[in-house]
Amino acid sequence: MGAIKRHTPEFRRSPIAYAKYLMLIVIMVALAYKTLQADNNFAGSPPELDFIVEDLPSQTALAIDSSLTQRQKFEVFRQSQEVSPWGGSATDAPLFERLCRKHSDIFGFGHGGRDITDGIIRELAKNDAVVIMEVGVWLGQSTARWLNVHPNVRVIAVDPFSAPNGTHKKLSKVAEEDKVSFGQPEFNRALAQFAISKAAPGAHDRVVFETGLYPQAAQPLFQASKDERPAVDLFYLDGGKRTDTDAHLNFVEETIRGIVSEFPDVILSGDDWGFSKRFRSLIVEFAEGRNRSVYVGEARTWIMINDQDPRFSNAQSLLGKKVALSVARQ
Ligand SMILES: C[S@@+](CC[C@H](N)C(=O)[O-])C[C@H]1O[C@@H](n2cnc3c(N)ncnc32)[C@H](O)[C@@H]1O
């Protein structure tokens, strides 16, 4: 006997046809329910990490995953910190352009010996992002340098951005009307951002600016969850010099102690090796107590690494001879 068609008088009179029809509806409802449940499960599973980092608000991303790579952790951190517009307002642009073109000397203090730090950064950058925390940014010349060493470089740039102000001797050749805004953190930071964008084009999403004095200004990183924050791979110290030598040395000692206790594998580097015998002794004694060695470039840039670290075996020729304590004291 063939199936009875619906909407016919035979169908209406047959209880078996009705029962079959009802059964079909029940099966369809059950299938629809199962599909819905499967969809909900999918919504709860972690999607592609790139998607998390690029498209979700940072707090959500932090809550979702603790196995992010260093690059992804930096990106989440950057998005949680970004407060200032990149490069200042459109009205500043002509002034910034003019300062970059006519007064390139105001943007930094030279790079003597920094190639030893570049070499170590290059080795670190071979696999994942390298996060550099730079203390003392000024108008961004050194920050741009690190960014240009390798596309994997990321920088957390800490400075109050209140120097230089209009009376600084470096600005002596700048026109009076162009000096007036110097010293305001928003202006100096925007100028630094602009200069970096010129010197390291396209690198704006590889830098986070933290405005204020170290260590207070670095608290957002230190206070972030240890599993989820990016690790500082290299700490570069070029700020905090004071006329009071004891105060300066205390700052240096507390700073290097503090950063190593937060990030035990961090490489330390900095400017001003020639500052004083006490400064040099402090750096070398700190290294010797921790199975590290100090190398110096052009009597100016110093770097402290663990010689046994296999990542740096290629960089040894670039580093030269390590500094003995007796030499540091001379
Ligand atoms: C010599 S400049 C830095 C130069 C820059 N690294 C370069 O080579 O282009 C020193 C900077 O350190 C900053 N500074 C001083 N004390 C600081 C601190 N406690 N934390 C962060 N930056 C500080 C100053 O505002 C100044 O911009």
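Every read-out reported here was derived from the displayed coordinates using simple, explicitly stated rules and does not represent laboratory data. None of the values given here were measured: they were computed from a predicted structure. Cβ atoms come from the backbone with ideal geometry, glycine included; neighbour counts cover every protein chain shown.
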Using a Förster distance of 56 Å, the FRET efficiency for residue 326-residue 219 (Cβ separation, nearest 0.05): 0.90
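Treat every Asp and Glu Cβ in region 88-134 as -1 and every Lys and Arg Cβ as +1, leave all other atoms uncharged, and give the resulting dipole magnitude about the Cα centre to the nearest 20 debye. Please list the in-between numbers first.
On the way: 6 positive and 8 negative charges, 38 e Å.
For this selection, approximately 180 debye.
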What's the FRET efficiency of residue 89 with residue 317 using the Cβ-Cβ distance as r and R₀ = 56 Å, to the nearest 0.05? 0.75
Selection from 149, 274, 251, by position along the positive dipole direction of region 87-328 (Cβ): 274
With θ set to phi - 60° and the Karplus curve 6.51 cos²θ - 1.76 cosθ + 1.60, what are the ³J(HN,Hα) couplings of region 128-143 in order, to the nearest whole Hz, using x for Gly and Pro? 10, 4, 10, 9, 9, 9, 10, 9, x, 9, 6, 10, x, 5, 6, 4
Can you tell me the length gained on complete extension of the stretch residue 205 to residue 172, counting 0.36 nm per residue apart and subtracting the Cα distance? 8.6 nm
Using 1/(1 + (r/R0)^6) with R0 = 35 angstrom and r between the beta carbons of residue 101 and residue 162, what's the FRET efficiency to the nearest 0.05? 0.90
Short version: ³J(HN,Hα) in whole Hz for each residue of region 218-227, in order, from phi by Karplus 6.51 cos²θ - 1.76 cosθ + 1.60 (θ = phi - 60°), x for Gly and Pro, what are they? 8, 4, x, 6, 5, 8, 5, 4, 4, 6
Inter-part gap, Cα centre of region 87-134 to Cα centre of region 178-205, in whole angstrom, is 10 Å
Provide the per-residue ³J(HN,Hα) series for region 100-112, in order, calculated from phi with Karplus coefficients 6.51, -1.76, 1.60 and θ = phi - 60°, each as a whole number of Hz, with x at glycine and proline positions. 5, 6, 9, 10, 4, 5, 7, 7, x, 10, x, 10, x
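Hey, got the dipole for region 87-328? About the Cα centre, +1 on K and R Cβ, -1 on D and E Cβ, debye to the nearest 20? Can you show the working numbers first?
Details: 29 positive and 32 negative charges, 123 e Å.
For region 87-328, the charge dipole is close to 600 debye.
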